[in-house]
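J.: What follows is a structure written as structure tokens; I'll ask about it next.
Values in this text are rule-based calculations from the coordinates and carry no lab data. All values reported here derive from a predicted model rather than from experimental measurement. Using ideal geometry, Cβ is built from the backbone for each residue, glycine included, and neighbour counts are taken over all protein chains shown.
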Amino acid sequence: MYERTKSIPYPYKPEDIEFEFINADHSWLLEAKAYAEKCAGCCKQKVGGVLIRDEQIIACGANGAEKGIVQGAVCKRVVAGCKSGEGYTEYCPQCDVEGHCEAMTIKNALANKIPTIGAVFVMWNHWWCCEACCEVLRKAGITKVLMEKDIHKKFVKA
């Protein structure tokens, strides 16, 4: 059902969390997209996520949700020329790991007393999970991340 990790030059790729790929029109990705478009607070890039158990969505999240980020603002990280995963502390403190899509999705699950151990995390509109988010996923008992097939092409510049 899923395509396994290819030889993609991830900035960080843990050994214990598998990155796999699904088609862009998969219902889980579409739900993550819809949630991000409604709830994400990042002025640069909306990222959405859903947790899956038994083929069902059990929780949703988006980057910057609940963080009070102003829509339409100019991203200071972009102006500074930061690479993906860099500059959060220096330029965008509201975009710390607690505001990342992975953490927000898990926070929403736990707030609703939904267990996360063994769930699958599906992420829309990003191509990797930073080291801090991988730690959040580990602590939640999540070892598989599904992303849109070929999403890295949107982010990796030749």
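J.: Where Lys and Arg each count +1 and Asp and Glu each count -1, what net charge lies around C92 among other residues with Cβ under 9 Å from its Cβ?
T.: Value of the local net charge: +1.
J.: Percent of alpha carbon pairs in region 89-158 separated by more than 20 Å?
T.: 34
J.: What longest range of the chain stays clear of loop-exposed GluC sites (Glu not before Pro) (DSSP non-H/G/I/E/B, at most 16 other C-beta within 10 angstrom)?
T.: Excluding the exposed sites themselves, the longest stretch runs over 87-158.
J.: Provide Rg and Dmax in Å for the chain, with only Cα atoms included in the calculation.
T.: Considering the chain through its Cα atoms, Rg and Dmax are 14.6, 44 Å.
J.: Please report the antiparallel percentage of the DSSP beta bridges confined to the chain, to the nearest 5.
T.: Bridges in the chain are about 60 percent antiparallel.
J.: K144 to K83: FRET efficiency via 1/(1 + (r/R0)^6), r the Cβ-Cβ distance, R0 30 Å, to the nearest 0.05?
T.: For R0 = 30 Å, the calculated efficiency reads 0.70.
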